[in-house]
């Protein structure tokens, strides 16, 4: 009863603070044995508790599908996230799915034809500012060309190269999946566009399956991906997701697993309903990681990613036994 009273009091305090504009969200999770008893680990810097030698392929990593898609013309058709890029990173998200329209020799952010009111510089500034503040962390960034290119004098690759030069020193562009020591403080490129000059990130450009589960093999990296994005049946979608979660836990220790729990339900006239699928998958994700608190599950890319789901996924990186410390998340409004 004392524990319940404490939790209730904490929640009331969070609500009161939010009304005064001081704090937007406050969470506290008792999850990990990698710190001293009662120690608090911020979701902004949770990777600091992990050893340098661990490969990113050996971790469970919360991620966001269409990470910058926060705007839409018709409800439920294009918006995939509520949190900004900066807020996602503070909430423990470490995989960002970024969709770039190539126009005027630059990248602007789209979800399909819907412009997301930001360009690639906005994404990079959010990521580099975060990594400068928290150099123990890294961000895996998937970059994919989106919608119709327009008014360009060079290839998508050459435009990316211009951004890479502008943000020199901020990238890990190796073709192999790095260790945390190699990746700390950097953006790890997962490349979903073709390239002539190599290496240029982890190559995911060839053989990306459409609406299925598939494997991409190269000399440098092996990827296992579930990306069934058309979801007429929520249970079937979750079955595909859990099949890859089970495989990631039990097999192929060197493969990088990427599990998109995102998708849309086709509605009248094939208009997508993203939020319906996101709500169902969010419930399934919480239930699954509550009952599977330990293990290696790969990247879990979510719609409407948040701190509560992120914390459950992060928890699985720590071995069983011992006293778990507290994962905390406190986000100031407007930051």
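Brief remarks on what is shown
- The condition of being in contact with a helix residue (DSSP H, G or I) (Cβ under 7 Å, 6 or more places away or on another chain), at pLDDT 95 or above and part of a strand (DSSP E or B) holds for only one of 130, 107, that being 107.
- Counted residues, segment 158-169 - those being surrounded by fewer than 15 Cβ atoms within 10 Å (Cβ to Cβ) and under 11 Å from residue 200 (Cβ atoms): 0
- Any hit, segment 184-195, residues being part of a loop (DSSP other than H, G, I, E, B) and closer than 15 Å to residue 259 by Cα: no
- Residue satisfying all of: in segment 136-155; over 19 Å from residue 68 (Cα atoms) and either free of Cβ contacts under 8 Å to residues at least 24 places away in the same chain or surrounded by fewer than 19 Cβ atoms within 10 Å (Cβ to Cβ) (or both); nearest to the chain's Cα centre (by Cα) among these: 136
- Selection from segment 265-292 of residues that are at pLDDT below 95 and touching a helix residue (DSSP H, G or I) at 6+ places or on another chain (Cβ under 6 Å): 265
- For segment 293-312, the criterion of being in a helix (DSSP H, G or I), under 26 Å from residue 208 (Cβ atoms), free of Cβ contacts under 8 Å to residues at least 40 places away in the same chain and touching a helix residue (DSSP H, G or I) at 6+ places or on another chain (Cβ under 9 Å) is met by none of the residues.
- Scanning segment 274-288 for residues that are within 16 Å of residue 243 (Cβ to Cβ) and in contact with a strand residue (DSSP E or B) (Cβ under 9 Å, 6 or more places away or on another chain) yields a total of 2.
- Output for segment 234-263, where each listed residue is at pLDDT below 95 and closer than 28 Å to residue 111 by Cβ: none
- Qualifying positions in segment 251-278 - in a helix (DSSP H, G or I) and in contact (Cβ under 8 Å) with a residue 12 or more places away in the chain: 274, 275, 276, 277, 278
The values are calculated or read from the model by the stated rules, or taken from the named source; none is laboratory data. Quick caveat: nothing in here was measured; it's all calculated off a predicted structure. Quick reminder, even Gly has a Cβ in these numbers, built from the backbone with ideal geometry, and neighbours come from all protein chains shown.
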